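To start, the structure under review is shown below, and the notes come after it.
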Amino acid sequence: MKTLIAAYSGVLRGTGSSILSALQDLFSVTWLNRSKVEKQLQVISVLQWVLTFLVMGVACSVTLIYTFCTDCWLLAVLYFTWLVFDWNTPKKGGRRSQWVRNWAVWRYFRDYFPIQLVKTHNLLTTRNYIFGYHPHGIMGLGAFCNFSTEATEVSKKFPGIRPYLATLAGNFRIPVLREYLMSGGICPVNRDTIDYLLSKNGSGNAIIIVVGGAAESLSSRPGKNTVTLRNRKGFVKLALRHGADLVPIYSFGENEVYKQVIFEEGSWGRWVQKKFQKYIGFAPCIFHGRGLFSSDTWGLMPYPKPITTVVGEPITIPKLEHPTQQDIDLYHAMYMEALVKLFDRHKTKVGLPETEVLEVN
């Protein structure tokens, strides 16, 4: 009888050990799966944004036109009627949605690279600002994540400042896409919009302009720190007319996330790109990143390279309703100098060699 009890106790002890071991294995597998799930969510969040950037405009337009040919045609008519009355809303800053800006998807988007926003100086809420963002890269991933979402906590780092990322005005003529863009605080990069935000929207406004634009995207490639700025002076003139302070921004790593076929000046490829840029507003780039399921294949997914966006010291700008060319040249030169200094001050902190030079074209 004692032998039987002892044997039974041993079985129980063995069963307990087995259960404990199984639980430990379960928790370890769960933790491993959680890590994998987070990676997958990061990939999905970036993929949806890439598809939005590339095809959402066309998809929305085609869907709405198709709706006219279905039993739901009345919905399309109602939307177009409302669109007519709402046409000028983007020019007045749009409809920012804090709910959309705080979506969890943007935090996964941020962590995929990861993207970091570095503050170097405080900004006064009694002033308005024009942020010059450099470089453009292929898609301006850092500009979007830092200033059109709260993933890097821009509102906490710059309390009282309302960022407006300016992009091609043509995007706001596309149904549905315009609503999506406005919800993130994105606005058209045209004079009417900028004049309104800097003169009729109070203070504490910060308009982010990717100064190099389409021309700069054509020079985007890994290992190259180049900006198109030397002959870009329109943003300085706007700053002078409104007395808006200029703030240089350099985004280290923006050029690293995609590889691009670079066409030399004078080649047929560059000629086609410049024609598109002149008449349509953007330059078609032939680029690639990594595959969706493997980093060893080509695809549209950007490479997960760190992007560090550094916001520099504001340059105080006087208000001159009719600035002369001499005034514009003076503050443009000050801006270029401030941008180069910002680059030099932070380049070694992100792993660049001391000898690295910012090329200003």
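The values are calculated or read from the model by the stated rules, or taken from the named source; none is laboratory data. These numbers were taken from a predicted model, which means no experiment stands behind them. Reconstructed Cβ throughout: ideal geometry from the backbone, glycine too, with neighbour counts over all protein chains shown. The area values use the complete protein model at the heavy-atom level, side chains included, leaving out ligands, DNA and RNA. Shrake-Rupley method; radii C 1.70, N 1.55, O 1.52, S 1.80 Å.
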Restricted to region 314-343, and to residues that are of a type in the set (V, I, T), in contact (Cβ under 8 Å) with a residue 40 or more places away in the chain and open to solvent by less than 70 Å² (accessible area, probe 1.4 Å), which residue is nearest to E354 (Cα to Cα)? I315
Per the list (1) farther than 30 Å from D195 by Cα; (2) at pLDDT 85 or above; (3) not in a helix (DSSP H, G or I), residue check on G266 breaks on (2)
Within the group R110, R178, R101, which residue is of a type in the set (K, R) and open to solvent by 20 Å² or more (accessible area, probe 1.4 Å)? R110
Checking L124 against (1) open to solvent by 10 Å² or more (accessible area, probe 1.4 Å); (2) hydrophobic (A, V, I, L, M, F, W, C); (3) farther than 22 Å from L342 by Cβ; (4) over 18 Å from the mean Cα position of the chain (by Cα), which test does it fail? (3)
Do any residues in region 68-93 that are within 12 Å of R178 (Cβ to Cβ) have Cβ atoms under 8 Å from those of residues that are open to solvent by 80 Å² or more (accessible area, probe 1.4 Å), where the two are at least six apart or on different chains, and which pairs are they? T89/R95; K91/D192
Against the condition open to solvent by less than 30 Å² (accessible area, probe 1.4 Å) and closer than 29 Å to K233 by Cα, how does F263 come out, does it pass? no
Expected output for region 151-171 (first residue modelled with pLDDT of 95 or more, partner open to solvent by 40 Å² or more (accessible area, probe 1.4 Å) and not in a strand (DSSP E or B), Cβ below 6 Å, 6+ apart or cross-chain) is A151/R107; A151/R110; G160/T125; A166/V189
Criterion violated by T226 - all others in (1) touching a residue at least 24 places away in the same chain (Cβ under 8 Å); (2) surrounded by fewer than 16 Cβ atoms within 10 Å (Cβ to Cβ) satisfied: (2)
